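Written out below as structure tokens is the structure these notes cover.
Please treat every number below as a calculation from the coordinates, not as lab data. Keep in mind it's a predicted model, so treat the numbers as computed, not measured. Note that each Cβ is placed from the backbone with ideal geometry, even for glycine, and that neighbours are counted across all protein chains shown.
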Amino acid sequence: MNRGVVEVFPGGTAALDELLQTTRPLRVKLGVDPTLPDLHLGHMVALNKLRQFQDLGHRAVLIIGDFTALIGDPTGRSEARPRLTPQEVAHNAQTYLDQASKVLDSDPARLEIRRNSEWLASLDLSKIIDLLATMTTQQMLAKEGFRERYNQQQPIHLHEFLYPLMQGYDSVAIQADIELGGTDQKFNLAVGRDLQVHYQQPPQLCLLVPLLVGLDGVKKMSKSVGNYVGLTDSPLLMYQKLQSVPDNLLETYFNLLTTVDVTTLPPDGRARQKQLAFTLTALLHGEEAAHQAQQDALNLALGKTTQLEQIPEFSLAAVNFPIRLTQLLKQAQLCPSTSEAQRQIQAGGIRLAGEKQDQELTFTEASGLVGTVVQVGKKKSVRLVP
């Protein structure tokens, strides 16, 4: 249970071991705000930990933050998040539920799914005032993101102060025994403990898990950065991405995303990459799909693939033309940045329809690209579709 846990507070792992001795099933909370439509492996770190509690016989409480998403988590932000519409939140929430089921046990006896609009939407002004009275402005400004923005004289909107309080109130509403969160969520999880005490409940134990570094080996995994592996990526695309994980991150990925004993891993880095790619593709898509993806990736690397349906697709509908080749490579998730795309072009690692491209190109419209296969080296390929 301690695998992949950065911190347990208060009391450390001893407090967790003691709590796990209880004779009743514990209520273990994980909250996710549906601010984007897709989950990626970075989300899977906490979902895996939640699944471990399920396997021990405890009850996972997955909270879809459909109400808090309307505010937007200010954590790590240099400015307020754009506010989503209720329609956007509803759409994203449904996709989250579908994707989380790839990791969690969906048995109703082991999984409780709640939307925090159930209790937050009905809070009247007197209850909101009661919540606000539990925390001072000084305490809010101690939160890292707020402190930095205040020091830099960047605007902090009053509604942002409500976010930690409302996320914390989730713990009160579902009477959480344990809450999981990334290391960037420590402040919010601690607020949940304080509010439980305020409302005369036993305070939850908090488990922090690390933020997963993305495929670029530098920044945390993020769709906006383009260094991510989506839970809904096709088996071949997932396999291709994962067999390119930097060597120095392989053990971390195995530790946080799988149950593989890292002491049993082969010494060769390339073999480790392939094992990681197969293991996670099988976990999320099934072994048959993983074996097929492995073979398809090999065929692509050898230039043997003639069946276009085996190659992942990228829709040009989302592309704004004219577009440079480097920008296209980034948008298609073939390169994490335009600078890396430029490096690949200069190194002769880019092929369009089998032809090597050694200079920057600009495409004025989609029609000339539809059906084209774009390759980066021997590991990544997409077929451009309308």
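Straight-distance candidates among the lysines for linking to residue 143, with alpha-carbon spacing under 19 Å and chain neighbours fewer than 8 residues away dropped: 186. Counted by Cβ distance under 12 Å from residue 104, the other residues give a net charge of 0, where Lys and Arg count +1 and Asp and Glu count -1.
The convex hull of the Cα atoms of the range 312-386, projected and averaged over all directions, covers 4.2 nm². Dipole magnitude for the chain: computed about the Cα centre from +1 point charges on Lys and Arg Cβ and -1 point charges on Asp and Glu Cβ, it is near 600 debye. In the Gaussian network model of the chain, springs joining C-alpha atoms below 10 Å, which of 160, 179, 148 carries the largest mean-square fluctuation? Sorting by GNM fluctuation, first place goes to 148. Here the 3J(HN,Hα) profile of the range 111-121, calculated from phi with Karplus coefficients 6.51, -1.76 and 1.60 at θ = phi - 60°, is 9, 10, 10, 10, 10, 6, 5, 4, 10, 6, 5 Hz, Gly and Pro shown as x. In whole angstrom, the range 7-209 maps to an equivalent ellipsoid with semi-axes of 26, 21, 16, each derived as √(5λ) from the alpha carbon gyration tensor and ordered largest first.
What's the Cα-based Rg to Rh of the range 195-239, Rh via Kirkwood? Value, to two decimals: 1.31. A dipole drawn for the chain from +1 and -1 charges on Cβ atoms has a positive end, and of 231, 311, 341 the residue lying farthest that way is 341. Normalised by 2.2 N^0.38 Å, with N the number of residues, the alpha-carbon radius of gyration of the range 213-310 equals 1.06. If I build a Gaussian network model for the chain, linking alpha-carbon pairs within less than 10 angstrom, which residue out of 280, 211, 352 has the largest mean-square fluctuation? Of 280, 211, 352, the Gaussian network model singles out 352 as fluctuating most.
Normalised by the number of residues in the chain, the mean separation of alpha-carbon contacts (under 8 Å, six or more apart) gives a relative contact order of 15 percent. Considering only 121, 277, 297, the Gaussian network model of the chain with Cα springs below 10 Å gives its largest mean-square fluctuation to 121.
For the chain, the pair-distance distribution built from all alpha carbon pairs, in bins 10 Å wide starting at 0, is 5, 21, 29, 24, 15, 6, 1 percent.
Measure up 102/378; 49/380; 29/102 against 26 Å on the Cα-Cα distance and list the ones that go over. Result: 102/378; 49/380 exceed 26 Å. Projecting the Cα positions of 289, 213, 257 onto the charge dipole of the range 213-310 (unit charges on Cβ atoms of Lys, Arg, Asp and Glu, taken about the Cα centre) puts 213 furthest along the positive direction.
Taking amide hydrogens as placed 1.01 Å from N in the peptide plane, the amide H of residue 26 sits under 5 Å from those of 59, each at least 5 positions away in sequence or on another chain.
Residues whose amide H lies under 5 Å from that of residue 212, counting only those 5 or more places away or on a different chain, are 221; hydrogens are built 1.01 Å from N in the peptide plane.
Annotation: aspartates and glutamates with alpha-carbon distance below 13 angstrom to residue 223 (same-chain offsets under eight excluded): 38, 233. Taking 20 Å as the cut-off, the amide N atoms of the range 243-262 that come nearer than this to a point 7 Å along the Cα-to-beta-carbon line of residue 299 belong to 243. Any chance you could give the angle, 0 to 90 degrees and rounded to 10, that helix 158-174 forms with the longest Cα principal axis of the chain? The answer is roughly 80 degrees.
Dividing the summed helix terms, -39500 (n - 2.57) for each DSSP H run of n ≥ 4, by the number of residues in the chain produces a 222 nm estimate of -12000 deg cm²/dmol to the nearest 500.
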